[in-house]
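Since the structure comes first, as structure tokens, the remarks are kept for the end.
The values are calculated or read from the model by the stated rules, or taken from the named source; none is laboratory data. No experiment lies behind these values; they were computed from the predicted model shown. Every residue, glycine as well, gets a Cβ built from its backbone with ideal geometry; the counts of neighbours run over all protein chains shown. Surface areas here come from the heavy atoms of the whole protein model, side chains and all, with no ligands, DNA or RNA. Shrake-Rupley method; radii C 1.70, N 1.55, O 1.52, S 1.80 Å.
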Amino acid sequence: MRRLLQWSLAACMTFAAGTALASECKLAQADLRGNWGQAGFAVEIADTEAERAQGLMFRKDLPRGAGMLFVYDSPQPVAFWMKNTLIPLDIIFLNEHGLVTSVHENAVPGDLTPIPGGDAVFAVLEINGGLARKYGIAAGSQMRHEIFSRSGAVWPC
């Protein structure tokens, strides 16, 4: 079941004010940090084969502070494509510990070219194209989310 969850007003105000994000994990939020600072996204979780296959296809827009978090049962090789995707996306690949291993910026809507994420991808975050560069999200950044809690998260809850 697709779970579209929104940031609370308090979380948005905290982020807008530039203060530290809340320390607890929430299923509906993925936080990222690096030497560039911190950012948080309200996320939909795609953790079934059907949800991962559908992804963000046919969506005409995605709110700036939102994204989709694709979660796999175990680390594995993955590649994404933009079939039936109408908006440019940044695709952020993560290992099982929540470490960003690679970022593909501004994936082209409708492009069928595979975008490889690596051999040991556990999760993938899709956000609006251009935001990764704007915030500074790159390989080496860290994500905090409860999905990493069972495998020694680099940024625990």
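Among the listed residues Glu49, Glu24, which satisfies the condition of being modelled with pLDDT under 95 and either loosely packed, with under 12 Cβ neighbours inside 10 Å or polar (S, T, N, Q) (or both)?
Working: Glu49 fails: modelled with pLDDT under 95.
That would be Glu24, the only listed residue that is modelled with pLDDT under 95 and either loosely packed, with under 12 Cβ neighbours inside 10 Å or polar (S, T, N, Q) (or both).
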* To do: Look at Leu112 and say whether it is farther than 21 Å from Met143 by Cα and at pLDDT 95 or above.
  => yes
* Structure fact -> Taking the range 109-122 and the residues there that are open to solvent by less than 30 Å² (accessible area, probe 1.4 Å) and out of contact with any Asp or Glu (no Cβ under 8 Å at 6 or more places or on another chain), the one that is farthest from Gly98 (Cα to Cα) would be Ile115
* Those residues of the range 109-152 which are closer than 26 Å to Lys60 by Cα and of a type in the set (Lys, Arg), in sequence order -> Arg133, Lys134
* Could you grab me the full set of residues in the range 140-153 that are surrounded by fewer than 14 Cβ atoms within 10 Å (Cβ to Cβ) and at pLDDT 95 or above? => Gly140
